[in-house]
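Visitor: Below are the structure tokens for one structure; questions will follow.
The values are calculated or read from the model by the stated rules, or taken from the named source; none is laboratory data. It should be emphasised that the depicted structure is a prediction, and the values quoted were computed from it without experimental measurement. Positions of Cβ are backbone-derived with ideal geometry, glycine not excepted, and every protein chain shown enters the neighbour counts.
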Amino acid sequence: MSGASFRIAVIAGDGIGQEVIPAGIEVLEQAARQEQVTLSFTEFPWGCEYYQRTGTMMSADGLDQLQGFDAIYLGAVGAPGVPDHVSVWELILPIRQRFEQYVNLRPMRLLRGVPSPLAGRGPTEIDMICVRENSEGEYAGVGGRVHRGTPHEVAEQTGVFTRRGIDRIARYAFELASRRPRRLLASATKSNALQHSMVLWDEAVDAIAREYPAVECRKYHVDALAARMVTHPQTIDVIVSSNLFGDILTDLGAAISGSLGVAPGANINPERQYPSMFEPIHGSAPDIAGRGIANPIGAIWAGAMMLDHLGLHAAHDRIVRAIEHVVGDGGPRTPDLGGTATTKAVARAVADALR
């Protein structure tokens, strides 16, 4: 793919997003030079600071502006003074839904040299990936509130599950599981209590499972699956889940992998009709923003996933190996991993490892 050129929209956003995204770009540019491809980055100043100035999280025509890019590189959104439901519902979820990014892909992997809070567990025992439905479910936005401010106030939040939505996320998960060595898929459900949505989920997943006889599919109630991730993480490989369940399980997965700071995420439109979006999962972390100590590994790894999606598979593999080298062979570490290094120092070390 030498000579190719890709246009990347950059939304660094808020808090540590403004620190880890430049760090990620440094590594991506080094990888691109080695591949002899061009990455053209266009920055957009959207986020909570933009909201506080303008009353909106992004430009009115923001989605139209983003549509022409090959991918979107997102840092984080969220800041004190701006309600989280505003920052999420006016920037992240509109992008995911408008661009049919119905696959949220989140690796949860313990890197060599990183201690897990699970005693005695090593990298071979914590290596999971979650395929989270990203466009409907509990985050569909259906519901409302009435009688506000009175003792009779009522709020309703409706989860929306469609056979089409479940089928396509399940098929993606089975395809992924079929390419991994263990060929093992865990379906997160709660059909014992959610007798409509999760029963449909189970039925749809079971039907897709019949198309993949080589993949072993196990059904777990989500609470039992969360417990199993702690007690028997070596028995979990690929997880397929609804929007809410996947959101919760992947924070748990990142925690047992040593730190939310190392966890990447991808919001993928598999049909490639629209740009996909890549981000670390850790959020804006206002408590450490501006101190230059945020872990850039999650953002760098998310950038590697972006290159992989763009067809630059060798560049993805080199970045992941560089991360493994820095983390596993005594390289600089940020405080969340027990070190004292800065964001820039870790990014520089990963870029140097690429060379």
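Visitor: Select, from Arg96, Arg109, Arg132, the only residue that is of a type outside the set (A, V, I, L, M), touching an Asp or Glu at 6+ places or on another chain (Cβ under 8 Å), buried (at least 17 other Cβ atoms within 10 Å of the Cβ) and within 21 Å of Arg272 (Cβ to Cβ).
Guide: On inspection, the qualifying residue turns out to be Arg132.
Visitor: Would you mention how many residues in region 328-343 are among the β-branched types (Val, Ile, Thr) and touching a helix residue (DSSP H, G or I) at 6+ places or on another chain (Cβ under 7 Å)?
Guide: Result for region 328-343: 2.
Visitor: Give me a count of the residues in region 43-60 that are aromatic (Phe, Trp, Tyr) and part of a helix (DSSP H, G or I).
Guide: Of the residues in that region, 2 qualify.
Visitor: Let me ask another. If a residue has to be over 14 Å from Leu337 (Cβ atoms), surrounded by fewer than 23 Cβ atoms within 10 Å (Cβ to Cβ) and either of a type outside the set (D, E, K, R) or at pLDDT below 95 (or both) to count, how many in region 288-311 make the cut?
Guide: Number satisfying all stated conditions: 6.
Visitor: Another question about this same structure. Go through (1) surrounded by fewer than 23 Cβ atoms within 10 Å (Cβ to Cβ); (2) within 28 Å of Gln18 (Cβ to Cβ) one by one and return the number of the condition Thr235 breaks.
Guide: Unmet for Thr235, out of (1) surrounded by fewer than 23 Cβ atoms within 10 Å (Cβ to Cβ); (2) within 28 Å of Gln18 (Cβ to Cβ): (2).
Visitor: Moving on. Could you give me the residue pairs with C-beta distances under 8 Å whose first residue belongs to region 218-236 and is free of Cβ contacts under 8 Å to residues at least 60 places away in the same chain, whose second residue is exposed (fewer than 13 other Cβ atoms within 10 Å of the Cβ) and not aromatic (Phe, Trp, Tyr) wherever it lies, and which are 6+ apart or on separate chains?
Guide: His221/Asn192
Visitor: Please list, ordered by first then second residue, the pairs with beta carbon atoms under 7 Å, 6 or more apart or interchain, first in region 118-129 and closer than 19 Å to Leu176 by Cα, second part of a loop (DSSP other than H, G, I, E, B).
Guide: Going by the 7 Å Cβ cut-off, the qualifying pairs are Ile126/Leu110; Ile126/Ser116; Ile126/Ser257; Met128/Ile236; Met128/Asp237.
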